[in-house]
1. Scan the stretch 1-38 residue by residue and report those that are touching an Asp or Glu at 6+ places or on another chain (Cβ under 7 Å) and not in a loop (DSSP other than H, G, I, E, B).
2. Pick from 96, 124: which is modelled with pLDDT under 95 and closer than 20 Å to residue 48 by Cα?
3. Determine if the stretch 54-75 includes at least one residue that is within 19 Å of residue 184 (Cα to Cα) and within 16 Å of the ligand (Cβ to nearest atom).
4. Tell me which of these residue 159 doesn't satisfy, since it passes every other one: (1) among the aliphatic types (A, V, I, L, M); (2) more than 16 Å from the ligand (Cβ to nearest atom); (3) not in a strand (DSSP E or B).
5. Tell me, which residue of the stretch 157-168 that is of a type outside the set (Gly, Ala, Ser) and surrounded by fewer than 21 Cβ atoms within 10 Å (Cβ to Cβ) is farthest from residue 36 (Cα to Cα)?
6. Would you tally the residues in the stretch 15-56 being at pLDDT below 95, touching a helix residue (DSSP H, G or I) at 6+ places or on another chain (Cβ under 7 Å) and open to solvent by 40 Å² or more (accessible area, probe 1.4 Å)?
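The values are calculated or read from the model by the stated rules, or taken from the named source; none is laboratory data. All figures in this text were calculated on a predicted structure; none of them were measured in a lab. Backbone-built Cβ (ideal geometry, glycine too); neighbour counts: all protein chains shown. The accessibility values were calculated without ligands, DNA or RNA, using every heavy atom of the protein model including side chains. Shrake-Rupley method; radii C 1.70, N 1.55, O 1.52, S 1.80 Å.
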Amino acid sequence: MRIFAVGRNYQDHISELKNQKPSAPVVFTKPDTAILRNNAPFYYPSFSKDIHHEVELVIRISKEGKSIEEKFASKYYDAVAIGIDFTARDLQDELKKQGLPWDIAKGFNGSAPLSEFIPLDEIKDIHHLSFSLKLNNNTVQQGSTQDMIFGIDGIISYISTFFTLRKGDVIFTGTPSGVGPVKIGDRLIAYLEDKEMLNFEIK
Ligand code: MG
């Protein structure tokens, strides 16, 4: 499986990082070694002093496809999860300044904690689905799929223009505002609607 991710997909988050609103989805990837499952702790890496949390809705691709038309995209995913797109903001800021690729700031070990998946048929309305993140019991991020700049179907269509999507691939769909630093000892709890999806510690 592969991990695709979309950046700058919520206007309030674009504003907080003073980025430009993109005219097409900003796509990047993480290696599968980034995934943390079963609420495994995240070990703060030595190469960064500014690791940020980004809570995101994640979709799971259910069959192979390329150049998928947007109107057919809903046939290509079957489940959703919550993930954290951990970002070494200090490294990313430096790389962005130099116009260089972000990979090491986004794809490092453990940078993609991922919850269990919930089948789509248990989701009431994918287009009005809320999710949130608590940092040490304070809600720091809240989002809804209705506020995405590029919707799920558009993202699938766009990514599949360049990369053949395969069953089991996952797509992180972008973070709402409220991103910020974590530190050793913090606990992150993420929710899909009211359901607890992730609950793990920074070590
Ligand atoms: Mg992100």
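1. 3, 4, 5, 10
2. Working: 124 fails: closer than 20 Å to residue 48 by Cα.
Checking each option against the conditions leaves just 96.
3. Within the stretch 54-75 (the criterion being within 19 Å of residue 184 (Cα to Cα) and within 16 Å of the ligand (Cβ to nearest atom)), the answer is yes, since at least one residue qualifies.
4. It is condition (2) that residue 159 fails.
5. 161
6. Count: 1.
For every residue, the table says whether it meets (1) more than 16 Å from the ligand (Cβ to nearest atom); (2) under 17 Å from residue 58 (Cβ atoms).
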position	(1), (2)
99	yes, no
110	no, yes
117	yes, yes
120	yes, yes
123	yes, yes
131	no, yes
